[in-house]
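For reference, the structure is listed below as structure tokens.
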């Protein structure tokens with residue numbers, strides 16, 4: 001009987017520690033028509049598509065977003081973001097490539113933002 005109680009207590013501790021997070025995450029994609037492929041037209045279409053995606057995230061109560069993908073097609077621009085209602089854990093760089101293997105010129109810039 002004593003072993004059953006220990007097993008039940010251990011199982012309960014495991015289940016409580018593995019409780020799922022209550023964060024809401026959504027992937028939002030928007031498309032904006034593209035008049036021509038001039039730099040100004042592409043930039044304007046990208047901004048408009050991003051603005052629509054962020055507005056959708058804000059309407060759902062999601063306050064943090066990251067650009068996942070942006071595509072320039074023949075007649076449209078598509079932007080995809082991942083949005084959540086919790087700030088993500090800070091990136092410590094432990095799982096990424098060596099800092100020595102990246103040069104400063106080729107390092108990607110952050111695309112994170114708060115709504």
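Throughout, read-outs are computed from the coordinates displayed, never taken from laboratory work. Worth saying up front: this structure is predicted, and the values here are computed from it rather than measured. FYI the Cβ positions are ideal-geometry reconstructions off the backbone, even for glycines, and counts take in every protein chain you see.
Extending 7 Å from the Cα toward the beta-carbon at both residue 47 and residue 80 defines two label points whose distance is 2.5 nm.
Each of residue 40 and residue 3 was given a label point 7 Å from its Cα along the Cα-to-Cβ line. The distance between the two points is 8.1 nm. Across all directions, the average flat footprint of the convex hull enclosing the Cα atoms of region 48-91 is 3.4 nm². Shown for 62, 73: other C-beta atoms within 10 Å of each C-beta, ranked fewest to most, produce the order 73, 62.
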